[in-house]
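These notes are about the structure you will find just below.
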Amino acid sequence: MPKKIATVDGYIIQANKYKERDTIITLLTPSDKKTVLVRGGYKPEAKNHGATLLFNKVRLDINIANPHFLYVDGHQTLINNTSLYENLTYSLLGQYANEILIKFFQDDDILPYDYYEKMFMAAKNGFDAVTLAFIFTCASINLLGLSPSVDECVMCGAKKNLVAFDLTEGGFICNKCLPESNVSPSNIEYMKVFRYGFKVKASQMEHATLPRMTTLNCLNELSMYLEEQLGYKINAIKLFLESVK
């Protein structure tokens, strides 16, 4: 029976050794995540070892003769991002993004593919890693259905006199509703950073560098929010934050 081959483009977001020589990878595609076996891929000299390198965009020929067992028949590297391994901060940025994708998204969820792709393009251009991590996290939260209100007061719907922002309260709070909440007024810069992060499109990730200290605080809050809401710890966030201080 002839093989049935599918050609799939995507980013390698996870690679784990399997048995002695093989590697099981997770591929982020524009439509889903796929788990695929790379036979012999663990060995650097193997012909398909390039299909196991994290952060790279690859084109895989996948044997789908058995729908429950996919494996790589051939590969082509479309974008090589391995130069980011040499920079600790950008490498940790990639690990942080990969952990979010693996832990919080199901295989058939709508995934922040465009933001992931643009993040690496911007990183290779030397763009600010803190801004990239923050925007990617906001985009992930949006797609997970956990986004706060950033256009109006979460309590009354007012679009003016917004004076506070709180993730656990659901977003912005206006001056009128503030006494009914358990929230104190927020710093304007803090509020602007959150609104920008949840509104910016993937194509605009390099449009502005956000203020470092405020964005670091916001990113730390977002990571804790994700952990509290979904019950998984993001291990890479601590190392990433330490690398950019």
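The values are calculated or read from the model by the stated rules, or taken from the named source; none is laboratory data. If you're wondering where the values come from, they're calculated on a predicted model, not measured in any experiment. All Cβ positions, even for glycine, are placed from backbone atoms using ideal geometry, and neighbour counts span all protein chains on display.
For the range 210-222, does any single residue satisfy the condition of being closer than 19 Å to L101 by Cβ, touching a residue at least 40 places away in the same chain (Cβ under 8 Å) and surrounded by 14 or more Cβ atoms within 10 Å (Cβ to Cβ)?
Yes, because at least one residue in the range 210-222 is closer than 19 Å to L101 by Cβ, touching a residue at least 40 places away in the same chain (Cβ under 8 Å) and surrounded by 14 or more Cβ atoms within 10 Å (Cβ to Cβ).
Among the residues of the range 35-48 satisfying the criterion of being under 14 Å from E20 (Cα atoms) and at pLDDT 90 or above, which is surrounded by the most Cβ atoms within 10 Å (Cβ to Cβ)?
Here the answer is V38.
Kindly list the number of the only condition in (1) under 19 Å from Q106 (Cβ atoms); (2) surrounded by fewer than 17 Cβ atoms within 10 Å (Cβ to Cβ); (3) free of Cβ contacts under 8 Å to residues at least 40 places away in the same chain that fails for P30.
The number of the failed condition is (3).
In the range 187-205, how many residues are out of contact with any Cys (no Cβ under 9 Å at 6 or more places or on another chain) and surrounded by fewer than 16 Cβ atoms within 10 Å (Cβ to Cβ)?
Looking only at that region, the number is 7.
S184 fails exactly one of the following numbered conditions: (1) exposed (fewer than 14 other Cβ atoms within 10 Å of the Cβ); (2) among the small types (G, A, S); (3) modelled with pLDDT of 95 or more. What is the number of that condition?
(3)
Can you tell me which of F127, F165, F198 is part of a loop (DSSP other than H, G, I, E, B), within 26 Å of the chain's Cα centre (by Cα) and within 16 Å of T215 (Cα to Cα)?
F127
Go through (1) part of a helix (DSSP H, G or I); (2) surrounded by 17 or more Cβ atoms within 10 Å (Cβ to Cβ); (3) out of contact with any helix residue (DSSP H, G or I) (no Cβ under 9 Å at 6 or more places or on another chain) one by one and return the number of the condition Y71 breaks.
Failed condition: (1).
Identify, from the list K57, K33, K103, the residue that is in contact with an Asp or Glu (Cβ under 6 Å, 6 or more places away or on another chain) and under 26 Å from S203 (Cα atoms).
Unique residue meeting the criteria: K33.
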